[in-house]
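Working notes, beginning with the structure itself.
The values are calculated or read from the model by the stated rules, or taken from the named source; none is laboratory data. None of these values were measured; they are calculated from a predicted model. So basically every Cβ, Gly included, is an ideal-geometry build from the backbone, and we count neighbours across all protein chains shown. These area figures cover heavy atoms from the full protein model, side chains too; ligands, DNA and RNA do not enter into them. Shrake-Rupley method; radii C 1.70, N 1.55, O 1.52, S 1.80 Å.
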Amino acid sequence: MKQVPGVYTLHSPGSAELPLLLDSPHSGTSYPDDFDYVSDLQVLRRAEDTWIHELYQDAPEYGASLLQAEFPRSYIDPNRALEDIDQALLSEPWSGPVNVSAKTGLGIGLIWRKNQLNENIYDRQLSNAEVAHRIEQYWKPYHQQLEQQIERYHSQFGAVWHVDCHSMPQLSNETSPEGPGVERAEFCLGDRHGTSCDPEFVEFTAGVLKDMGYVVALNTPYAGVELVRAYSDPGQRRNSLQLEIRRDLYMDEKALTRSDNFTALRTDLNTLMKAWAEYVKAKL
C-alpha cells in the first residue's frame, strides 16, 4: 500500500499483478482544514461516492490495483480538467488558461461553487492562490499517481484496462443532464460514446452484470469525464471505462449508511472483478 495522507491511497496486489487499475476519485471523506464551506455538511456530502472504495476493496486479490482519493470532490474534483475554472467563484481573474464545461455553468466545475441542492458552498470568493494550492497539493498528485500506474502497466504489458469507479443517486437531481426525478439504471457504463475503451471490454462488462440480473445502461446519463478521457487510447490498448452504481443498491442515500444489501453487492462486484481478471489474462 502506498499512501499520501489526506490525498490518496493506492492498494496494490502482492503478486500476480495484472494491468488492471480501478480508481475511486469521489469517495474521499477527509475534509481539509482550509475547506471553509457554509453548506450544510450532510447536503455537501451528497457529492461523495460514499463507500465505493470499500465495495471494490478486494481488487488486489484479483491482481488489480485500487487507487482511492482521500479528499472530497467538492473541495477539488479530480474528474474535471484543470482548465475547467469557474470564474464566478474567484475574487480575481484566473491566471491560467480557462476552458469551461457544461458542468461549470451548474457550479460543479474543477472547484465546486454549488452543492447538490443548488445552494452556495461558500459565503465568499476564493483567491487564485487558494485554487493553485488545491491543484498542486491534491489534483496533481492524484492524477500523477494514476498516470504513473497506467504508463507502467502499458510499458510492462503492452496494454492496460482502467475502470473509473463511481456511484449515482437513484433519482436524478436539479444538476442532472436529464432533469430532476428520473430513475436511473442500476449500473451505467461510460466509454465517451465509444472513444475511451475497446467495445469488446464494455460489452463483456455489461454482459457479466446482466447475467447477475442487473439493469445496465450505456453512456446514459453519464458517458465519462476527465479521468476516462485523459489517459485513454483504445487504438494503443489503453482502455478506460467509467462504471456508475446506483446508490440505493448498497446504501441509505439520506443517512449515508450501508444498507443490508451492501455485502451482497460487494460479493457481486468480486465476481465482476474476477471476470475482469480472467478477461485481461486472456488478452495478454
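Amide H contacts of L126: L90, S91, each under 5 Å away and 5 or more positions distant or on a separate chain (H built 1.01 Å from N in the peptide plane; Pro and chain starts excluded).
Return the loop-located GluC sites (Glu not before Pro) in segment 163-218 (DSSP other than H, G, I, E, B) with at most 15 other Cβ atoms within 10 Å of their own Cβ; answer none if there are none.
E174, E178
Please report the net charge: other residues with Cβ closer than 9 Å to the Cβ of I245, K and R +1, D and E -1.
Values: positive: R246, R247; negative: D49, E186, E244.
Result for the local shell: -1.
Would you give the gap between the C-alpha center of segment 260-278 and the C-alpha center of segment 139-205, rounded to a whole Å? Centre-to-centre (Cα) distance: 17 Å. Over the chain, with every protein chain in place, what whole percent of the accessible area is carbon and sulfur at 1.4 Å, could you tell me? With neighbouring chains kept in place, the figure for the chain is 47 percent. Projected onto its three principal axes, the C-alpha set of segment 1-94 covers 51, 29, 19 Å, listed from the longest axis down. Among the trypsin sites (Lys or Arg not before Pro) in segment 181-266, those located in a DSSP loop and surrounded by at most 10 other Cβ atoms within 10 Å of their own Cβ are K254. Counting only Cβ charges, +1 for Lys and Arg and -1 for Asp and Glu, the dipole size of segment 46-186 around its Cα centre is about 300 debye.
With Cβ to Cβ distances under 9 Å as the rule, what net charge do the other residues near R266 carry (K, R +1; D, E -1)?
-3
Its Cα centre serving as origin, the chain has a Cβ charge dipole (Lys and Arg +1, Asp and Glu -1) of approximately 380 debye.
Note on segment 218-252 and segment 109-138: Cα centroid distance 24 Å, given to the nearest whole angstrom.
Work out how much length T257 to M1 would gain on full extension: take 0.36 nm times their residue separation and subtract the Cα-Cα distance, in nm to one decimal. Numbers along the way, then the final one.
Numbers: separation 256, 0.36 × 256 = 92.16 nm, distance 2.61 nm.
Taking 0.36 nm per residue and subtracting the Cα distance, the gain is 89.6 nm.
Across segment 126-137, rounded Karplus estimates of 3J(HN,Hα) from the backbone phi angles (6.51 cos²θ - 1.76 cosθ + 1.60, θ = phi - 60°) give 9, 8, 4, 5, 5, 5, 4, 4, 5, 5, 6, 8 Hz, Gly and Pro being marked x. Sparse packing (at most 16 other Cβ atoms within 10 Å of the Cβ) combined with a DSSP loop state is found for the following GluC sites (Glu not before Pro) in segment 37-146: E83, E119.
The 3J(HN,Hα) values that the Karplus relation (6.51, -1.76, 1.60; θ = phi - 60°) gives for segment 140-157 are, in residue order, 5, x, 5, 5, 5, 5, 5, 5, 4, 5, 4, 5, 5, 5, 5, 5, 7, 10 Hz. Gly and Pro appear as x. Students often get this wrong, so check it: of K103/K274; K2/K274; K140/K210; K210/K283, which have C-alpha atoms separated by over 28 Å? Result: K103/K274; K140/K210 exceed 28 Å. The angle between the Cα long axis of helix 199-211 and the longest principal axis of the Cα atoms of the chain comes to about 80 degrees, rounded to the nearest 10.
Under a Gaussian network description of the chain, with springs only between Cα atoms under 10 Å, the residue in G181, G109, G63 that fluctuates furthest is G181.
Checking the a/c ratio against 1.5 first, then a/b against b/c, what shape does the Cα gyration tensor give for segment 1-160? Let's see the in-between values first.
Values: a/c = 2.43, a/b = 1.75, b/c = 1.39.
Note, shape of segment 1-160 comes out prolate.
Per residue, the Cα convex hull of the chain amounts to 121 Å³.
Treat every Asp and Glu Cβ in segment 182-284 as -1 and every Lys and Arg Cβ as +1, leave all other atoms uncharged, and give the resulting dipole magnitude about the Cα centre to the nearest 20 debye. Display every interim value, and only then the final one.
On the way: 14 positive and 16 negative charges, 60 e Å.
The calculation lands at about 280 debye.
Solvent-accessible surface of protein heavy atoms, probed at 1.4 angstrom with all chains present, puts K140, K2, K114 in the order K2, K140, K114, largest first. Highest GNM mean-square fluctuation among V182, V100, V225, for the chain modelled with Cα contacts below 10 Å: V182. Normalised by residue number, the volume inside the convex hull of the Cα atoms of segment 184-249 is 69 Å³ per residue.
Hey, can you find the accessible area per residue of the chain for me, probe 1.4 Å, expressed in square angstrom?
Values: 11830 Å² over 284 residues.
I get 42 Å² per residue for the chain.
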